[in-house]
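The values are calculated or read from the model by the stated rules, or taken from the named source; none is laboratory data. Small disclaimer: the values here were computed from a predicted structure and weren't measured. Note: ideal-geometry Cβ built from the backbone for every residue, glycine included; neighbour counts use all protein chains shown. These area figures cover heavy atoms from the full protein model, side chains too; ligands, DNA and RNA do not enter into them. Shrake-Rupley method; radii C 1.70, N 1.55, O 1.52, S 1.80 Å.
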Amino acid sequence: LKLFVSPGQSHDLAPAAGLIADQKTRFVVADRAYDAQAFRLAVQATGAEPVIPPNPTRKNPASYDHQRYKQRNQVERLIGRLKRFRRIATRYDRRAIYFLSALHLVATLEWIPNVESA
């Protein structure tokens, strides 16, 4: 799991290529907002397969693995669990470094129960 804080007024696609640059994975699962040719090429450059549904406005939509895309809900559920913590949901911190440290702490608290059951 890798956490990154980007400016609130920018699109999530801007830092996404940097997030996956040094990752070793077989698949990158993302929603249609990440359906950009540059991002798909960045994913393929890492050796991973992009699992991104095409934007409905594309003339030549790319294919993707529908079954593997269903795993994206795990990320959405994690974000929901992180937002149960008021400090994360409302972002009281003025500086990004403090907010990121709170995110790391909360993500660790969410991860610990999964380790104990394994």
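Below is a table of values for the structure above.
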item	result
Residue ID - modelled with the highest pLDDT, chosen from residues in region 17-59 that are closer than 17 Å to F4 by Cα and among the small types (G, A, S)	A30
Residue selected from region 34-46 under the condition open to solvent by 60 Å² or more (accessible area, probe 1.4 Å) and among the polar types (S, T, N, Q), by the criterion farthest from D12 (Cα to Cα)	Q44
Residue satisfying condition, being of a type in the set (S, T, Y), open to solvent by less than 60 Å² (accessible area, probe 1.4 Å) and within 24 Å of L105 (Cα to Cα), within set S10, S6	S6
Among residues of region 66-87, those that are surrounded by 12 or more Cβ atoms within 10 Å (Cβ to Cβ) and over 16 Å from the mean Cα position of the chain (by Cα), counted	2
Residue count for region 47-64, restricted to those that are on the phi < 0 side of the Ramachandran plot and open to solvent by 30 Å² or more (accessible area, probe 1.4 Å)	11
Region 1-44: number of residues that are closer than 25 Å to R91 by Cα and part of a loop (DSSP other than H, G, I, E, B)	14
Residue check, D31 within 15 Å of the chain's Cα centre (by Cα), surrounded by 12 or more Cβ atoms within 10 Å (Cβ to Cβ) and of a type outside the set (K, R)	yes
